[in-house]
Amino acid sequence: MKENYFPQEIEKKWQKIWDEGKCFKTPDESDKPKYYALSMFPYPSGKLHMGHVRNYTITDVIARFKKANGFNVLHPIGWDSFGLPAENAAMKHNADPETWTDENIAYMTKQLKMLGLSYDWDREVTTCKPDYYKWTQWLFLQLYKKGLVYKKEAAVNWCNECGTVLANEQVIDGKCWRCDSVVEKKYLSQWFIKITEYADVLLEDLDKLTGWGDNVKTMQANWIGKSHGAIFKFPVVDAPNGDVKEVPVYTTRPDTVHGITYLVVAPEYKDIEKLTTPENKQAVEEYRANARKMTEIERLSTERIKTGVPLGTHCKNPFTGEIFPLWTADYALVEYGTGAVMAVPTHDTRDYDFAKKYNLPMKVVIQNPENPSNCEKEAYIDEGVLINSGEFNGMKNTEAKKAITEKAVKEGFGEFKTQYRLRDWLISRQRYWGAPIPVVYCDKCGIVPVPEDQLPVMLPKDVDFKVVGKSPITTSPTFKDTVCPVCGGHATRETDTMDTFVCSSWYYLRYADAKNDKECFSKDKVNHWLPVDQYVGGIEHAILHLLYSRFFTKALRDCGLLNFDEPFKNLLTQGMVLKDGAKMSKSKGNTVDPDEIFENYGADTARLFILSDSPPARDFDWSDAGVEGCYKFLNRVWRLISTNQDNIKLDYKLNSSLEKSNDDLVRTVHIAIKGITNDISNDFQFNTVISKYRELVNAIYDWQAKKPNLNDEDKQVLSFAIISMIKLMSPVAVHLTEEAWHELGGEGSVHEQEWCKWDENLAKASSITLVVQVNGKVKDKIEVDEGVSDEELKATALASPKIKALTEGMTVVKTIVVPKKLVNIVVK
RNA sequence: GCUCCAGUGGCGGAAUCGGUAGACGCGUUGGACUUAAAAUCCAAUUGGGCGUAUAACCCAGUGCCAGUUCAAGUCUGGCCUGGAGCACCA
């Protein structure tokens, strides 16, 4: 074994051996229990960044740890390779996005191998390849058959910069998630997936996900946004030509129904024209035209002063017989509820602001216990007792919600209603680099799905990427015109492609059976390997990818393709990698290139460092000094092994009774095994695992410093310590430990060795430090033997000269003994 | 505004059940080795009492204010600050 540590040399050597020997291939059949460890697959953007390094290292260590602990581990990787950056690159260079993507995949594959990750490369999936997107299209057709896919004209989010529509989930603060430009509303006919049909079960099943963090679960719950309320129908008393009889509203505050003083419909409300009097027509039209022009940001700004115009017509409140006016205002949203709102200015802040501005009347119906008379300064939105509410006066408002709705149900003008904020998932994209939506439009038959035996609908190659203002796919002379599969007549293909999130909603299923060319996956294999036991990825997917994937799993279960209902049993959302307190980004210029770290320090240092300083879920601040420190530590480990090479025997034997310092070292090793094993098992606390590596290495050095000459017992003990250390470090320092294992004469791979076991009797020090407190404050510490009884502890504590001095002349009220730890003497 | 998470030395962070606060590392300071440097090793490093050293001791201390307890970083209530998500969702 060389005296000095040359990571670049040994890493290259072992990577070649592992790769050529397919050392991390996972058999489908095994006597061992299965374990599925998965990182969120990358977009092949060009190069790995440190976020990838962190993500994949975490999952790799988990995979290796589980393998050493007797599991048959599935640990795959693939590429989320459709998407706009490839297309943009292609437009810039007038090249094929596929070439750009393939080159990136090749480079990033090399980098992943340089990181020493234990992937089963035979299961690699690439979403932009026909052997994958064929099945994405096939799954689209299954959902279509189930009635979960439909096309409709709707107000959709349009990003001008990207030249495509976006899903609601991809609009962040009114801006495009990818390019940050302001999103506009457009009315277009688009394809949707009916995720709302699963809103309730997606919400309820969050409770089953005990292995997910509360933060992600709450984010999803908020996004789904379930609320309980009622629908009330208000008769219209003076519609101009009488064909709109009533306006239904959704409310979560049926208890305030007696306080209604006006009603608001959204500017896009379907019956708005029929509800407008001729005198008001012009003003209403102008208001609506103006609303259409506004961007989402302008319209949704909460700071904006509310505006609206009256329609001139009126409704009757069936509870009170009161007549109140109809208005249109853009604070009512057409997509939510019924698109109309009953306004109770006294008990809703938005209605209050609006009523103040337009001098609309107010009527208090819930009494504020602290200010019973009025709501002059602001709306009272908390709980209270009903007043001015006829038969419901005196009732608590929480009870009145139910009672009032029940009355409406009985008398036929209302119903209980559960409402969700979640909207259907818009999956059409007017872009080239995606999976073509497999439908055709026939002049005679209308929308016709492409028959399954004609899949995949291939992306055309004969397109012009330089085209402006429309999707390159539409420029293909061969793609669009086709034959209707039903009538054989002329038909045109759908030129929209699918949102890439459709491709990534099922990739984790494909890994179970990646090379299957007959089905998207075999049911048996997918049921065997899934659900994913541990999923690791960034928090930025808390809603998007994770919600879509949960939906897909449930929908495919209902299609009979699999028999589980949640895809990811445990989820670890890793924190961001920061540098100087800010997220690493090219624009800030604070990125660190993984290649440089591999080159200067080796992958083992990178792996060790990325796990060392912060727990995985927290943000990680990159520091060059920290890398240096990890590199020095690995050098220290290397020296410990190389200088002792002749003293270490793989087949060491420990005597049952050992000399004190040897006994202590053996105990230290057992403590380390126990601690490291538990830290990995509980929440993957790799930062403390690594501090325990250091403690162990420090202990071995300290032990050795006291032993200039080693006798036989010393050598056995040292062998035990060092071999245990190598095995414990093998999931992290994968190359160094493999090299050491072989240099010491080990057979096979260190990564095929069983995990170390500890002896509970040895995993503790031979003596303990007794802490003595007086009135709860530490006053003395006394070394005592490990096996002492509580009585002896108490006696020892009371016999301490310090304690005697402190308790002199006082009465001992009580003595608390914590076994093997502490005595607290309470005195007065 | 609503929801969730977090707050511990100069820094990253540690502390199963409430039981020695600050593990481990980074940084800093001093020292050894060296012609010198690098590397390596040793020591100190929460603040204050305490501006000579050594040894010892004492006090305070985990965002703030209360509470429960023999004992609180940890539990309870109320705040403050920071971060994240949602947000005119009726």
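General remarks:
- Any hit, region A:196-219, residues being acidic (Asp, Glu) and assigned to a strand (DSSP E or B): no
- When restricted to residues that are within 48 Å of the chain's Cα centre (by Cα), within 10 Å of RNA strand B (Cβ to nearest atom) and either hydrophobic (A, V, I, L, M, F, W, C) or open to solvent by less than 30 Å² (accessible area, probe 1.4 Å) (or both), region A:697-723 contains 2.
- Subset of region A:442-453 [under 24 Å from A:TYR133 (Cα atoms) and either open to solvent by less than 50 Å² (accessible area, probe 1.4 Å) or small (Gly, Ala, Ser) (or both)]: A:CYS442, A:VAL448, A:PRO449, A:VAL450, A:PRO451
- When region A:519-531 is filtered for residues that are in a helix (DSSP H, G or I) and in contact (Cβ under 8 Å) with a residue 60 or more places away in the chain, the ones remaining, listed by number, are A:LYS525, A:HIS528, A:TRP529.
- Number of residues in region A:794-828 that are more than 9 Å from RNA strand B (Cβ to nearest atom) and more than 53 Å from the chain's Cα centre (by Cα) equals 17.
- Residue in region A:511-525 that is in contact with a strand residue (DSSP E or B) (Cβ under 8 Å, 6 or more places away or on another chain) and under 29 Å from A:GLN190 (Cβ atoms) present: no
- The number of residues in region A:243-264 that are open to solvent by 10 Å² or more (accessible area, probe 1.4 Å) and assigned to a strand (DSSP E or B) comes to 4.
- Condition met for A:ALA291 (part of a helix (DSSP H, G or I), surrounded by 14 or more Cβ atoms within 10 Å (Cβ to Cβ), touching a helix residue (DSSP H, G or I) at 6+ places or on another chain (Cβ under 9 Å) and at pLDDT below 90): yes
- Single condition A:ASN635 does not satisfy, out of (1) outside any helix (DSSP H, G or I); (2) within 20 Å of A:GLU743 (Cα to Cα): (1)
- A single entry from A:GLU786, A:GLU747, A:GLU743, A:GLU754 fulfils the requirement of being out of contact with any helix residue (DSSP H, G or I) (no Cβ under 7 Å at 6 or more places or on another chain), open to solvent by 50 Å² or more (accessible area, probe 1.4 Å) and either at negative phi or β-branched (Val, Ile, Thr) (or both): A:GLU747.
- For region A:467-518, filtering for residues that are part of a helix (DSSP H, G or I), open to solvent by less than 10 Å² (accessible area, probe 1.4 Å) and not hydroxyl-bearing (Ser, Thr, Tyr) leaves 7.
- Selected residue (criterion: farthest from RNA strand B (Cβ to nearest atom)) from residues of region A:329-373 that are open to solvent by less than 70 Å² (accessible area, probe 1.4 Å) and without any contact (Cβ under 8 Å) to a residue 24 or more places away in the chain: A:PRO372
- Condition met for A:LYS781 (exposed (fewer than 14 other Cβ atoms within 10 Å of the Cβ), over 30 Å from A:SER681 (Cβ atoms), modelled with pLDDT of 85 or more and within 50 Å of the chain's Cα centre (by Cα)): yes
- Test: residue in region A:654-675 that is more than 8 Å from RNA strand B (Cβ to nearest atom), in a loop (DSSP other than H, G, I, E, B) and either in contact with a strand residue (DSSP E or B) (Cβ under 8 Å, 6 or more places away or on another chain) or among the aromatic types (Phe, Trp, Tyr) (or both): no
- Residues (touching a strand residue (DSSP E or B) at 6+ places or on another chain (Cβ under 6 Å) and surrounded by fewer than 19 Cβ atoms within 10 Å (Cβ to Cβ)) located in region A:311-324: A:LYS316, A:ILE323
- Selection of region A:615-659 for residues being open to solvent by less than 60 Å² (accessible area, probe 1.4 Å), at pLDDT below 90 and hydroxyl-bearing (Ser, Thr, Tyr) yields only A:SER623.
- From A:PRO278, A:PRO267, A:PRO240, residue being at pLDDT 90 or above and open to solvent by 20 Å² or more (accessible area, probe 1.4 Å): A:PRO278
- Index of the failed condition, A:GLU791 passing every other in (1) more than 16 Å from RNA strand B (Cβ to nearest atom); (2) open to solvent by less than 30 Å² (accessible area, probe 1.4 Å): (2)
- For region A:680-696, a residue qualifies if it is near RNA strand B (Cβ under 7 Å from one of its atoms) and in a helix (DSSP H, G or I), and the qualifying residues are A:ASN687, A:THR688, A:ILE690, A:SER691, A:ARG694, A:GLU695.
The values are calculated or read from the model by the stated rules, or taken from the named source; none is laboratory data. Note that the coordinates shown come from a computational prediction; the quantities given were computed from them, not determined experimentally. Using ideal geometry, Cβ is built from the backbone for each residue, glycine included, and neighbour counts are taken over all protein chains shown. SASA here: full protein model, heavy atoms, side chains in, ligands and nucleic acids out. Shrake-Rupley method; radii C 1.70, N 1.55, O 1.52, S 1.80 Å.
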